[in-house]
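Data first, discussion second: the structure below is written as structure tokens.
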């Protein structure tokens, strides 16, 4: 059997190096075409009439005036009369017209009568949710009552929460759809080129083989772009009705309202510890919403397996756009509640929280030794022991400085992936798989693995991705892509080499097993003088090129080239202006492991991006709902605030890459570094000002209110 | 965005002739950073859009012994970069720099900054300038009012004036020149802004057939400063802002003007703070006392008490910045 194992640490020429992403030039020059950029010949533009109410029943729909408007080519009713609508902005009728203004005018001519129904759009105040909460069964671990009553136990009571935030994809959701007879071609903006192809077929009840999905670039997904959605079906139906290509992209407003968000969580926590800091008990009463379906409990206590626990969670149903997977679903919320409570406990015990974490590190289970090392590394990079002070910062002046910390985890096992590698007689190498590059660097890592294995430069690999006719490869969600595609690529490349070696060996007078591919040559391992250039070796092939597959997991699952389970420690340094409540993040240190790293540069980039996203949801981002009207008040980029360049501090990313990690194989990285920023920044704020600002985002009004309540104003 | 007729006059006379009797007849397009977005959101509609960028003399920025004459089409970036403004009217440069987006500073104009519509999210969601539901109930008092007014907020208007430049220009005693087919008129900027009393009122005295052509800032030896409290360093609306203009003899204030931004439906002149400062030396204590005086009449809505503190601090820091050259 061919040897698929990863090269020994320290022997690679490409894997683990710092390689710029291959599609960077295309993106910065505008050469990269996104779905949003597409213009097909004769293409129509679709617009959607959306429900203005948070909760309503459709009484009647009259599209006649819209249909008569010159330039309108088709009208498709998405939700019929008598249907109940559960959130503002839900799709009611879609219109295709010759241009966007005509489509918009047509939408304005549609008459829909609604019967308004009672709504609930805010969930933080439990006393106001009426009958919209569904408590889950209480969960008990160990003997929490005894733990809290144990003599000498110190009990911390706290309240913590995180607001609903949206995904804010730079490229909004949408598709271009085009029929040719019974065959549909869709250009989606998606994280799942293959999966949405199958979903289109199911939704439209046509054979899966009749649907082609094509996408080369996507402007962000973060978990929100894995389904066809109502607007996807609508654009396919409009294209069918008109026989023309139709484009339907969401405007910013619906993008913010209906195209995904991260559930909130609010929690009243009691934490028990011995006087020496040993954590013994956890009690939480929490609630959250992810839209009309309510919201499940995030993992709490997060990472820390506190021996005695009692947990009660209530899912609150609200009339607002539904939650979707948001980068590390549920982890940032669970991490925030847990790590803030632990930090508050440390303050109550007058301990350095780093010492408290290290004292309890065994509670983190099998990763505890690594967490210990990562915390010490982060502390070194932050100069924690030198710079940390007890709450609050005692230095004079209105601006207070503080440090905070957090740890996190994620899975990240690679998904199923098939890769085909073709080597032609002229030496060209083509690699095909239906994956997609979300901007994470998937193209680049695939090329690196293939090039490393074949002994070629990355530029020698021609990549075909983003087409559901290519060998299947999973959706990009859950940090599963890099493991899947790197494993299938490695296997395919090794399989290809095996065939090439068989063709080249006779000329070199050695057996194929004695050959290696390196530096653009095929040569004998024992005698490098016995060599052929790559081109010469390929020239030994006949008319039929080598075309082989590699699969993750393949028919031979062993050796396992991938693994699961990563973690990291983060520390933040902040300044808080106690006169204005404005927080400035000065620096974040992120120490992160993720097994064998294929491209150090894009791996670090994932961490940078995650920290920036983390600053956003910690300080600025929040879906603002108005209970009176049931509407979202900030579905824009003006009052839905994101961190800009000037809000981004010094970011220190340290990838944990010891030999042990490299032996674990490849593990995904997209989600984990975005888990901790909320907790570590908020803990740093508390360290600075001495009082807890309970809920994210940490806006000036809340900071000033906390200072006032704490008598610190 | 609904369809509209586009006109691009090259003189102010032509422009005035293209304007109409009602707001729906015509809208004036300068930098477009507000108008285009408002039209896309169906908050503003006009049958005709009159693009005034082709009117050359509205781009002029002249500094003479008499003061500044700022054409309505001067961009925020041009204003900020002008050497005389950086030296003698530093509070103006600071206010322009507060628009922390190079794109908007390069595109946005002085006239547009003064005439932009309020950012109240109820208004921008289609509930009208006075933010009332279909039964006439005001939405702001019981609603999401964290960014709304703390002064002059007895109703019916609760929004805040969004202009970055108005507070400092008012502090400097600026006038605006308006032009219509019946000729020019000049209005002190302080009187240009009004708090609407009913649905037909607007937030300034500009008539549908008028355009703002020029801002005139009188010369004088003053120390000026603007301090904005913004949550983000990148582009973000101030939560509160203050501009001050001080006439001084030695280190004593002889005459002060203190104007708050983003706290009331109009740029808010604070005579109490001005009185407080007369004859004083600016230091942390006198600056804070003036800050307190400036918000003495402030009344919070349900969610915006914090803005009183922010306005107080903005005044304090603007004064210290003006007097001492630091925050």
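Scan region B:175-214 residue by residue and report those that are part of a loop (DSSP other than H, G, I, E, B), closer than 17 Å to residue B:113 by Cβ and within 13 Å of the chain's Cα centre (by Cα).
B:203
For region A:66-87, give me each residue that is touching a residue at least 40 places away in the same chain (Cβ under 8 Å), in contact with a helix residue (DSSP H, G or I) (Cβ under 6 Å, 6 or more places away or on another chain) and part of a loop (DSSP other than H, G, I, E, B).
A:69, A:78, listed by residue number.
Anything in region B:126-145 that is buried (at least 21 other Cβ atoms within 10 Å of the Cβ) and within 14 Å of another protein chain (Cβ to nearest Cβ)? List them, or say none.
B:127, B:131, B:139, B:140, B:143, B:144, B:145
Which members of region B:89-111 meet the condition of being more than 13 Å from every other protein chain (Cβ to nearest Cβ), touching a residue at least 40 places away in the same chain (Cβ under 8 Å) and part of a helix (DSSP H, G or I)?
Scanning region B:89-111 gives B:90, B:91, B:92, B:94, B:95, B:96, B:107, B:110, B:111.
Considering only region B:224-259, how many residues are at the interface with another protein chain (Cβ under 10 Å from one of its Cβ atoms) and assigned to a loop (DSSP other than H, G, I, E, B)?
Total meeting the criteria: 9.
Would you check if residue A:490 is surrounded by fewer than 19 Cβ atoms within 10 Å (Cβ to Cβ), under 30 Å from residue A:34 (Cα atoms) and touching a residue at least 24 places away in the same chain (Cβ under 8 Å)?
Judged against the criteria, residue A:490 is not a match.
Considering (1) part of a loop (DSSP other than H, G, I, E, B); (2) surrounded by 21 or more Cβ atoms within 10 Å (Cβ to Cβ), say which one residue A:313 fails and leave the rest.
Answer for residue A:313: the failing condition is (1).
Sort through A:685, A:666 and tell me the only one that's within 14 Å of chain B (Cβ to nearest Cβ), more than 30 Å from residue B:41 (Cβ to Cβ) and buried (at least 19 other Cβ atoms within 10 Å of the Cβ).
Among A:685, A:666, only A:685 is within 14 Å of chain B (Cβ to nearest Cβ), more than 30 Å from residue B:41 (Cβ to Cβ) and buried (at least 19 other Cβ atoms within 10 Å of the Cβ).
On the basis of being away from chain B (no Cβ under 14 Å), closer than 30 Å to residue A:252 by Cβ and touching a helix residue (DSSP H, G or I) at 6+ places or on another chain (Cβ under 7 Å), does residue A:700 make the cut?
Answer is no for this residue.
Just wondering, is there one or more residues in region B:272-279 that are surrounded by fewer than 24 Cβ atoms within 10 Å (Cβ to Cβ), more than 23 Å from residue A:582 (Cα to Cα) and in contact (Cβ under 8 Å) with a residue 60 or more places away in the chain?
No, every residue in region B:272-279 fails to be surrounded by fewer than 24 Cβ atoms within 10 Å (Cβ to Cβ), more than 23 Å from residue A:582 (Cα to Cα) and in contact (Cβ under 8 Å) with a residue 60 or more places away in the chain.
Looking at this structure, is residue B:114 in a loop (DSSP other than H, G, I, E, B) and more than 12 Å from chain A (Cβ to nearest Cβ)?
For residue B:114, the condition - in a loop (DSSP other than H, G, I, E, B) and more than 12 Å from chain A (Cβ to nearest Cβ) - is not met.
Given the criterion within 14 Å of chain B (Cβ to nearest Cβ), farther than 25 Å from residue A:335 by Cα and out of contact with any strand residue (DSSP E or B) (no Cβ under 8 Å at 6 or more places or on another chain), identify the matching residue among A:581, A:557, A:630, A:542.
A:630
Of the numbered conditions (1) buried (at least 17 other Cβ atoms within 10 Å of the Cβ); (2) out of contact with any strand residue (DSSP E or B) (no Cβ under 8 Å at 6 or more places or on another chain); (3) more than 14 Å from every other protein chain (Cβ to nearest Cβ), residue B:33 fails exactly one; give the number of that condition.
Of the numbered conditions (1) buried (at least 17 other Cβ atoms within 10 Å of the Cβ); (2) out of contact with any strand residue (DSSP E or B) (no Cβ under 8 Å at 6 or more places or on another chain); (3) more than 14 Å from every other protein chain (Cβ to nearest Cβ), the odd one out for residue B:33 is (3).
Out of the strands (runs of 3 or more DSSP E) lying entirely within region A:520-611, which hold 2 or more residues that are more than 22 Å from residue A:448 (Cβ to Cβ)?
So the answer is A:531-533, A:566-577, A:582-593.
Count, please, the residues in region A:330-355 that happen to be farther than 28 Å from residue A:127 by Cβ and assigned to a loop (DSSP other than H, G, I, E, B).
4
Consider region B:292-306. How many of its residues are at the interface with another protein chain (Cβ under 8 Å from one of its Cβ atoms) and either touching a strand residue (DSSP E or B) at 6+ places or on another chain (Cβ under 9 Å) or outside any loop (DSSP other than H, G, I, E, B) (or both)?
1
For the structure I just gave you, tell me whether residue B:149 is farther than 14 Å from residue B:212 by Cβ and either away from every other protein chain (no Cβ under 14 Å) or surrounded by fewer than 18 Cβ atoms within 10 Å (Cβ to Cβ) (or both).
Against the criterion (farther than 14 Å from residue B:212 by Cβ and either away from every other protein chain (no Cβ under 14 Å) or surrounded by fewer than 18 Cβ atoms within 10 Å (Cβ to Cβ) (or both)), residue B:149 qualifies.
Do we find a residue being more than 10 Å from chain B (Cβ to nearest Cβ) and more than 27 Å from residue A:411 (Cα to Cα) anywhere in region A:592-607?
No, every residue in region A:592-607 fails to be more than 10 Å from chain B (Cβ to nearest Cβ) and more than 27 Å from residue A:411 (Cα to Cα).
Would you check if residue B:318 is under 19 Å from the mean Cα position of the chain (by Cα), within 10 Å of chain A (Cβ to nearest Cβ) and not in a loop (DSSP other than H, G, I, E, B)?
For residue B:318, the condition - under 19 Å from the mean Cα position of the chain (by Cα), within 10 Å of chain A (Cβ to nearest Cβ) and not in a loop (DSSP other than H, G, I, E, B) - is not met.
Of the residues that make up region B:163-174, is at least one out of contact with any helix residue (DSSP H, G or I) (no Cβ under 7 Å at 6 or more places or on another chain) and part of a strand (DSSP E or B)?
Within region B:163-174, none of the residues are out of contact with any helix residue (DSSP H, G or I) (no Cβ under 7 Å at 6 or more places or on another chain) and part of a strand (DSSP E or B).
Taking region B:1-42, which residues are touching a helix residue (DSSP H, G or I) at 6+ places or on another chain (Cβ under 6 Å), part of a loop (DSSP other than H, G, I, E, B), closer than 25 Å to residue B:119 by Cα and at pLDDT 95 or above?
B:30, B:31, B:33
The values are calculated or read from the model by the stated rules, or taken from the named source; none is laboratory data. Note that the structure is predicted; figures quoted are calculated from it, not measured. Note: ideal-geometry Cβ built from the backbone for every residue, glycine included; neighbour counts use all protein chains shown.
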